[in-house]
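Everything on this sheet refers to the single structure shown next.
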Amino acid sequence: MGKGRGGFPGGGMPGNMSQLMKQAQRMQRQMEEAQAQLEETEMTGTAGGGVVEVTVSGKKEITKIKIDPEAVDPEDVEMLEDLVMAAANEALRKVDEVSAASMSKFTGGLGL
């Protein structure tokens, strides 16, 4: 074992490790910022030609539901339930797509 070199041949490795750690910390901060930004984003899904709209946050929490009165038919409550479900699922898919695109900027170069 070499004296004071920590077992790294030539002593060049610690400098490279330090640089890698700095890059990893910078990437971690950027990922956290991107995640925070995503959580503040809202996505809206629609169904029935826009008679039902569901808005969700980047945290996947429903923040707003808008239902056009013409979509309300007391004889066909199931249809309204289906429209709300379809709009919510569309909004959640949009959040997933934006999240995946945002994170791929960071993971793309890592081979993950």
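Please verify whether GLU32 is within 19 Å of VAL98 (Cα to Cα), surrounded by 14 or more Cβ atoms within 10 Å (Cβ to Cβ) and acidic (Asp, Glu), treating the condition exactly as stated. Talk me through it step by step, then tell me what you get.
On the way: within 19 Å of VAL98 (Cα to Cα): yes; surrounded by 14 or more Cβ atoms within 10 Å (Cβ to Cβ): no; acidic (Asp, Glu): yes.
Against the criterion (within 19 Å of VAL98 (Cα to Cα), surrounded by 14 or more Cβ atoms within 10 Å (Cβ to Cβ) and acidic (Asp, Glu)), GLU32 does not qualify.
Only one residue in GLY6, GLY15 is at positive phi, of a type outside the set (Asp, Glu) and modelled with pLDDT under 85. Which one? Walk me through how you get there before you give the answer.
On the way: GLY15 fails: at positive phi.
Among GLY6, GLY15, only GLY6 is at positive phi, of a type outside the set (Asp, Glu) and modelled with pLDDT under 85.
Is there any pair linking a residue in the range 86-102 that is in contact (Cβ under 8 Å) with a residue 40 or more places away in the chain to one that is in a helix (DSSP H, G or I) and among the aliphatic types (A, V, I, L, M), with Cβ under 8 Å and at least six apart or on different chains, and which?
From residues that are in contact (Cβ under 8 Å) with a residue 40 or more places away in the chain, the pairs are VAL95/LEU38; VAL98/LEU38; SER99/LEU38; SER102/ALA34; SER102/LEU38.
So which residues in the range 58-85 are under 17 Å from THR46 (Cβ atoms) and crowded, with 16+ Cβ neighbours inside 10 Å?
Correct list: ILE67, ALA71, LEU80, LEU83, VAL84.
GLY49 fails exactly one of the following numbered conditions: (1) at positive phi; (2) among the small types (Gly, Ala, Ser); (3) under 15 Å from the mean Cα position of the chain (by Cα). What is the number of that condition?
Every listed condition holds for GLY49 apart from (3).
Would it be correct to say that ALA71 is on the phi < 0 side of the Ramachandran plot, modelled with pLDDT of 85 or more and in contact with a Leu (Cβ under 7 Å, 6 or more places away or on another chain)?
Values: on the phi < 0 side of the Ramachandran plot: yes; modelled with pLDDT of 85 or more: yes; in contact with a Leu (Cβ under 7 Å, 6 or more places away or on another chain): yes.
In short, yes.
The values are calculated or read from the model by the stated rules, or taken from the named source; none is laboratory data. Quantities reported herein were computed from a predicted structural model and do not represent experimental measurements. No Cβ is skipped: glycine too gets one built from the backbone with ideal geometry, and neighbour counts run over all protein chains shown.
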